[in-house]
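The values are calculated or read from the model by the stated rules, or taken from the named source; none is laboratory data. All of these numbers come straight from a predicted model, not from anything done at the bench. Please note: Cβ atoms are built from the backbone with ideal geometry, for glycine as well, and neighbour counts cover all protein chains shown.
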Amino acid sequence: MTTLANYLNAHASNPALNDVITTVTDVGKTISQLLRKGALADILGEAGNQNVQGEEQKKLDVLANDLLLEALAKNSHCAGVASEELDDATPANADGSLLVLFDPLDGSSNIDINMAVGTIFSILPYQRQGQVSENSDFLQAGKQQLAAGYLLYGTSTVLALTITDNVVMFSLDPDSNEYVLIKEDVQIAADTSEYAINASNYRYWQAPMQQYIDELIAGKTGVRGRDFNTRWVAAMVGDVHRILCRGGLFTYPFDTKDANKAGKLRLMYEANPMSLLIERAGGAATDAVQRILDIEPSDIHQRVPVVLGSKNEVDYVKDLHLKHATK
């Protein structure tokens, strides 16, 4: 069997990258164990604080964040760490060559009901070795990522990872406590009949997105000429995992519900790493018009609309938006 360590040694040309990925995935083992204990580990419920996004933090949100920060701060290759849960990036080792961004527990509202949650991570190059890292060092377009991935804590713990031009998956073996390779070249079909969206926000969407969903709901009786199914996990990591496994489209589009948020999802912690995975598996990822990985970030907590998954469906959504824009 091929373990994560074997795979990294064989495919990653950068020892520093191997080491940082190992640090993140080792913390993932601890988070997985805590989730299996659930209420017995006293990790459920609110922590009584709000993160930088103004959202209530769950107990395990805080714990997962602290575990990752502590482990990465000790890694000599990590120059700085940025977390969705903290206002500013945390400097680590000035001589390090890498920057790490993470969402410690995506979908944390699912914890108390024993549904899927996950850890999303992104690794960028550090350009100012020898100097203390700052927020501005993290403001790199997603196409600059050296690696990205997620850990899905579900019925089993699964790691999806990209360090080259493809996507691989590992499963955490509970007997050996090792990540074992289960899929060597993940590919997403270009066409799909499944989509994921929070339909309760319909009234806040722009006209092209409303039109798109109307067409899917019309199914065989409408212009698309076939039926579509809705699948919604309410955790991006779960919805993206389903797409990597069997295709589909995930979108959290622009809406007018909150004038201060162009979209719900964070560019640096969610959209960029997931878009790199999706693209390298043959899919596409846009903000409905622009390629996600080309967006030049202006803030480490920037939000963007997201449309990603099976390429032909993503392109169809993009075409609808472009047609509306030219009217």
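Here are the numbers:
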item	result
Test for residue 100: is it within 17 Å of the chain's Cα centre (by Cα), crowded, with 24+ Cβ neighbours inside 10 Å and under 18 Å from residue 152 (Cβ atoms)	no
Residue 278 vs. criteria closer than 13 Å to residue 192 by Cβ, β-branched (Val, Ile, Thr) and crowded, with 17+ Cβ neighbours inside 10 Å	yes
Flag if residue 94 is out of contact with any helix residue (DSSP H, G or I) (no Cβ under 6 Å at 6 or more places or on another chain), over 21 Å from residue 153 (Cβ atoms) and not β-branched (Val, Ile, Thr)	yes
Single unsatisfied condition, residue 124 versus (1) at pLDDT 95 or above; (2) farther than 21 Å from residue 271 by Cα	(2)
Spans of strands (runs of 3 or more DSSP E) in the range 1-118 with at least 3 residues at pLDDT below 95	46-50, 56-58
Top-ranked residue in the range 148-158 [being more than 12 Å from the chain's Cα centre (by Cα) and assigned to a strand (DSSP E or B); ranked as nearest to residue 243 (Cα to Cα)]	158
Members of the range 17-31 found to be touching a strand residue (DSSP E or B) at 6+ places or on another chain (Cβ under 7 Å) and surrounded by fewer than 19 Cβ atoms within 10 Å (Cβ to Cβ), listed by number	29
Filter result (assigned to a helix (DSSP H, G or I) and either free of Cβ contacts under 8 Å to residues at least 60 places away in the same chain or within 17 Å of residue 242 (Cβ to Cβ) (or both)) within the range 165-214	199, 200, 201, 202, 203, 204, 210, 213, 214
Residue in the range 255-263 that is buried (at least 24 other Cβ atoms within 10 Å of the Cβ) and either in contact (Cβ under 8 Å) with a residue 12 or more places away in the chain or among the β-branched types (Val, Ile, Thr) (or both) present	no
Search result, residues across the range 191-233 that are charged (D, E, K, R) and closer than 21 Å to residue 257 by Cβ	203, 214
Qualifying residue in the range 123-142 (condition: buried (at least 21 other Cβ atoms within 10 Å of the Cβ) and under 30 Å from residue 226 (Cβ atoms))	no
Per-region count, the range 60-97, residues crowded, with 20+ Cβ neighbours inside 10 Å and over 16 Å from residue 27 (Cβ atoms)	5
